[in-house]
Structures are given as structure tokens and as C-alpha cells.
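Trainee: Please see the structure below; I have some questions.
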Amino acid sequence: MRAALNAITDELKRLKASGVKSVVVSNESLATLQKVVRARAQRTTATTAVREQPAPLENRDVSSVPTSASKPPADVVAPARYEPPAPKFTVKAVAPTSASTLPPPPKVVLPAGDKQTRWDALLQLVLNDPVCKAHVRPGKKVVLGVGNLDARIFFCGEAPGAEEEEQGEPFVGPAGQLLTKMIQGMGLKRSDIYIGNIMNWRPELPVTGGSVQIGNRPPTPEEMAYCMPYLKAQLEVVNPEIIVALGSTAVQGLFGSGSFKTLGEIRSQWKLFAEKPVMVTYHPSYILRNPTNRSKRAIWEDLLKVMERASLPISEKQQNFFLEK
């Protein structure tokens, strides 16, 4: 439940940063939260009553104990009853759906031909994968990477979010718009690079019938393992010079969950995956949650290393982006 709450909290922060000021919550969710708040208040009141229970008479001065006809002193005020405030909004806290029934990862074999022919075949494999389709809600889409099939730089993200599963394209929401600005800051266009994800579907959170999923959760290791052959196939087709891993989930998918404790430990370091150099950096949503020059500069310094390795020109202006003033 803690993981689900953290995921929902991050999503609410992301929505707030992108200008969303309210979310629609069902009456059922409100009633559920009120029930939980009342139960917690009752437990709190009961605990307080036990702690404040008077000592046995044999341990007290009997002369100070009022008789049944006595009135309490005027300065004694009865404790106020705790009334929980009515919640202004709620998000139903739920646990991730189980992925323990996933079959083994698929074996991807692409046909001979040029890059576009092979990528088109890969797209059909992903769109028709029964496991991917089973984990996508009605009206939503399976997501494969997009971009230049001759790209030198391959940006690897985590998983589709709400906007991505609507459009069937990675990084089209607020984080994607920020990534596009980063790419432009490098002197490139979005059409110059390739963008993919570890996952091909949005990891589900349970919702009440007909409701829209609020918030995201990290994919499980099994979910990432299932989608990994499709990511490797994209790398095989594009054959980039450099991979940029965006965020801890992307790094876990590439190198395993036990490869680091915190992303800060390995951020800005070069790793190797599928014989390609990988630059580890934060996900753009990190800036949405922490919109400071310090957080922007942290990611930008990693991108400067990517530019240097790719032999891209770096101007003095680019070198000084987001430096503290």
C-alpha cells in the first residue's frame, strides 16, 4: 500500500506542476476515505482513553474522590470529542495488480530487410501481443517507441502514463514536453532522436468500475522482463551510438533492481547495455517535482556528457545553462 500511495502522491505532484488544480473523485472513494478516517479517529480516541484512565482507588487519596452527589469543580472541562474534518478530495489507495501470471518473455525474430521494414514488423508484433493487449484497458493503446530509425541517440524511459496510453506514443505528456525542450537545448530536434520505454503498457492500478486510473506505479521486475525483448529489438533496428536511461525504473530494467540503491549513486555515470554506452540520468518528471536550477543543471550536465561523446558542438551558452546565479 505504501508503494501505491507514493506512486499516487508523485502523480498528484506531477499534475499540480502541469497546472491541474483538481481531480475528479467518485462518491464511493469519498465514502471509503471517510470510513477510514472515522475508524482511525476511534482508535485514537480509544488509545487516549486508556492512557488517561484514572488510577485504582487504593492508590488514590479517597478524600479527593467526589461522591455521586458531588459536582465536578467549575474549572474542570470535559475533553472535547474528536471530529475528523471532512476530506476535500481523496484518491483511493490500492495495491498494484499482480503480474505473477505473466508467461515467459517473447522471442522476437525480425524479418530481413531495411530498418523501416523491420520496425514495421516489430510494431505489429507488439500491437498484437496477447499479453500486452490484455494489460491495456478498453480504449487505450499499447505503446512502442518512436523517432528516427537512424538516430545516434536513443532515449529510454520507464513506462507509458495516462497521455501516452491515450496516444500510443511515449513521452507526450508534461514530462515528454520537457524532454523535447531538453533535446532542443542540445541543438537537436525530436525527429533527430529515438525515444522508447522499458514497458509497452501502462502498469495498472485497480479502479472501481468504469473509473479512470489516477496515478502511476513502477512496473514489477516480471513486467519489465516480459517487455525487454521488444526494447532490445528496437535497439537492434535503430542501432544507436548512445543510450540515455531516464529515471531509476529505466535503469532497473536495463541493469537489474539490485544494481544500485539510489539513482544518485550512479547518476552521470557511463554504463554498458547491449554493447552500447548508457548515460544514467534523472527522469524529466524529476524537474517537474523539483523545478529548480539545481535539478535542471544536474540533468543538463549529464546531457552535456552525451553531447561530448556524440561529438556534438557545445557552445558557451549551452555550457552555462542552469548555472546558479
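Trainee: Please compute the net charge surrounding Trp119, taking Lys and Arg as +1 and Asp and Glu as -1 over other residues with Cβ under 15 Å from its Cβ.
Mentor: -2
Trainee: Continuing with the same structure: Highest mean first, how do 266-278, 188-200 rank when packing is the count of other Cβ atoms within 10 Å averaged over residues?
Mentor: 188-200, 266-278
Trainee: Mind running the shape call on region 209-325? Use the C-alpha gyration tensor, a ≥ b ≥ c as the square roots of the eigenvalues: rounded below 1.5 for a/c, prolate if a/b tops b/c, oblate otherwise.
Mentor: oblate
Trainee: When only C-alpha pairs under 8 Å and at least 6 residues apart count, what is the relative contact order of region 175-267, in percent?
Mentor: Normalised by residue count, the contact order of region 175-267 is 22 percent.
Trainee: From the backbone phi of region 176-187, what are the Karplus-calculated ³J(HN,Hα) couplings (6.51 cos²θ - 1.76 cosθ + 1.60, θ = phi - 60°) in whole Hz, Gly and Pro given as x?
Mentor: x, 5, 5, 4, 4, 5, 4, 4, 5, x, 7, x
Trainee: Can you give the net charge of the other residues whose Cβ lies under 14 Å from the Cβ of Ala274, counting K and R as +1 and D and E as -1?
Mentor: After counting each charged neighbour, the total is 0.
Trainee: Show me 115-122, 255-262 ranked by packing, highest mean number of other Cβ atoms within 10 Å first.
Mentor: With the highest mean Cβ count within 10 Å placed first, the list reads 115-122, 255-262.
Trainee: Could I ask something else about it? Where both residues lie in region 115-319, what percent of DSSP beta bridges are antiparallel, nearest 5?
Mentor: Here the antiparallel bridges make up roughly 35 percent for region 115-319.
Trainee: Given points 7 Å out from each Cα along the Cα-Cβ axis, report the Glu308 to Thr101 separation in nanometres with one decimal.
Mentor: It works out to 5.1 nm between the two label points.
Trainee: Of Lys276/Lys296; Lys107/Lys296; Lys261/Lys296; Lys276/Lys317; Lys189/Lys232; Lys141/Lys317, which ones are farther than 31 Å apart at the Cα?
Mentor: Lys107/Lys296; Lys141/Lys317
Trainee: For region 115-319, what is the relative contact order in percent, using Cα pairs closer than 8 Å and at least 6 residues apart in sequence?
Mentor: About 21 percent, as a whole number.
Only the coordinates and a few stated rules stand behind these numbers; no lab work does. Predicted model, so just to flag it, every value in this text is computed and none were measured. All Cβ positions, glycine included, derive from the backbone under ideal geometry; neighbour counts span all protein chains shown.
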